[in-house]
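Novice: Here it is, the structure, as structure tokens.
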Amino acid sequence: MPSQTDLKTRLLDAALSHVAFDGWSNETLKQAAKDCDVEYELAKTHYPRGAVDLALAYHHSGDDKMVAGLAKADFSQARFRDRIIAAVRLRLESADIEAVRRGVTLFAMPQNAGDGAKAIWGTADRIWSELGDTSQDVNWYTKRATLSAVYSSVVLYWLGDTSDDFENTWAFLDRRIENVMQFEKTKAKLRENPLVKGFMNGPGKFLERIKSPDDSGAEGFPGYWPQAKD
């Protein structure tokens, strides 16, 4: 008897052969259940929201593959920007372009936009975390917000790229990551600016209270705001 985890994975794998025709939809889940020889209601226990949960599971599986690829890579001689580029490339190269295209359509719907944004944020978070980011302040957020925007733009470019081996996409990715690195350098320079230092020691002091997430953070929120001490 297969475990519940195995069945969930089997359903997702079976669904991929139907996504090109039916998109990420309840019909796709029904067909996947039929392929796995299980009742649709049982399939729904693994994917309660149907299409949305199925598409999110596919997205998370792509993140897992990326992390596995990063674990095998040798970055000892690589610049940090090249590590980020490698991570994004790994993420896209392991994905089925039609499944992603249908996912973009699904998460463009207003009722699903929040789930889509959270999924992209999660990908950016896993990239930074796997590459050793140790920031615990507001930089934790700015790094992930910037990379989320870059990743989203690269995915959209990739979906429309007709160049050989997506060479135009990788060139576009290289330019966008360079923007990220320039942004990080600009932040570092600003922190040394006397005016900025004055602001941070005065009105901007509250930014020091913004912390990265920990186990005490509320579910669904990417961080927490510690209570002021008396």
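Novice: Which entries in Lys44/Lys118; Lys65/Lys118; Lys34/Lys72; Lys118/Lys143 show an alpha-carbon gap greater than 26 Å? If you can, show how the numbers build up before the last one.
Specialist: On the way: Lys44/Lys118 22 Å; Lys65/Lys118 18 Å; Lys34/Lys72 36 Å; Lys118/Lys143 15 Å.
Too far apart for the 26 Å limit: Lys34/Lys72.
Novice: With r defined as the distance between the Cβ atoms of Gln136 and Val180 and R0 fixed at 30 Å, what FRET efficiency is calculated, to the nearest 0.05?
Specialist: For Gln136 and Val180, the calculated efficiency is 0.95.
Novice: 7 Å from Cα along Cα→Cβ at both Thr105 and Asp6: what's the point-to-point distance in nm?
Specialist: 3.4
Novice: If packing is taken as the average count of other Cβ atoms within 10 Å, what order do 123-135, 49-61 fall into, highest mean first?
Specialist: Details: 123-135: 16.9, 49-61: 20.2.
Averaged packing, sorted descending, gives the order 49-61, 123-135.
Novice: Can you work out the FRET efficiency for the pair Glu41 and Ser152, with r the C-beta to C-beta distance and R0 = 35 Å, to the nearest 0.05?
Specialist: 0.50
All of the numbers you see were taken from the coordinates with simple rules; none came from a lab. A quick note: this is a predicted structure, and the numbers were derived from the prediction, not measured. Glycine gets a Cβ as well: all are built from the backbone with ideal geometry, and neighbour counts include every protein chain shown.
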